[in-house]
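All of the numbers you see were taken from the coordinates with simple rules; none came from a lab. Keep in mind the model is a prediction, meaning the values are calculated, not measured. As a convention, Cβ positions derive from the backbone with ideal geometry for all residues, glycine included, and neighbour counts pool all protein chains shown.
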Amino acid sequence: MAVAAGRYMARACGQAVLGKTPNTGTHYIECMFEISVDENERPAQVRWTGWFGPKSAERTIEALQYCGWQGDDVGEFADGELHGLDTNEVEIVVVMEEYEKDGDKKTAPIVKWVNKPGGGGVNVKNAMPKAEAESFGSRMRGLVLKAKQKTGTPSDADTEFNHGANQKKASGEKPKGW
């Protein structure tokens with residue numbers, strides 16, 4: 001199965017590797033995800049790298065927990081075992097990564113995000129309570145009505161932008177495309 005960019009249900013497989021980049025010294029964990037596919041197709045595997053940098057470590061640990069890891073010491077992955085990463089099916093976001101090998105530019109699928117199932121949708125974590133939403137809606141009502149007026153079909157009299165395609169002809173004919 002060729003893997004295209006998109007969202008897939010998947011499960012960690014194989015082994016986990018803890019590493020450190022040679023240039024920057026940034027720590028990471030890497031494992032493969034097997035994509036859930038039709039039972040008649042051979043499963044595909046896609047590589048994921050979770051970074052332990054100042055801005056990414058918390059999200060990487062969250063991803064490990066979504067997968068099923070319940071530990072408190074990421075150092076345990078030094079043995080190459082999954083330590084529960086293969087427990088839960090998760091939703092992964094696959095992107096195509098461009099790289100260069102032997103002077104040729106190539107692309108390969110990689111896992112960009114690991115989310116709990118259904119977690120890649122809308123952000124309900126910061127949803128407004130109903131009373132606050134109603135108050136906000138009241139404050140926005142004037143802007144909504146103003147926008148509705150602007151999106152109506154313009155007449156010759158209310159065309160505010162008399163330039164380019166909207167420019168009125170000297171003879172009074174409507175601009176091209178009306």
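Taking every alpha-carbon pair within segment 22-65, the share separated by more than 14 Å comes to 59 percent. Sorting 21, 151 by the number of Cβ atoms found within 10 Å of their own Cβ, with the fewest placed first, yields 151, 21.
Rounded, prolate or oblate for segment 9-129? Axes are the square roots of the Cα gyration tensor eigenvalues, ordered a ≥ b ≥ c, and the cut-off for rounded is a/c under 1.5. Rounded shape, in that the Cα axes give a/c under 1.5. In this structure, residue 58 and residue 128 have a Cβ-Cβ separation that, at R0 = 35 Å, corresponds to a calculated FRET efficiency of about 0.90.
In plain terms, the residue of 83, 27 with the fewest other Cβ atoms within 10 Å comes first and the most crowded comes last, giving 27, 83. Centre-to-centre separation between the Cα atoms of segment 100-119 and those of segment 36-85: 15 Å. Full extension of the chain between residue 42 and residue 24 gives 2.8 nm of extra length, using 0.36 nm per residue less the Cα-Cα distance. With both labels modelled 7 Å from their Cα along Cα-to-Cβ, the residue 97 to residue 13 distance reads 1.9 nm. Exposure proxy shown here: for 31, 67, the number of other Cβ atoms within 10 Å sets the order, fewest to most, as 31, 67.
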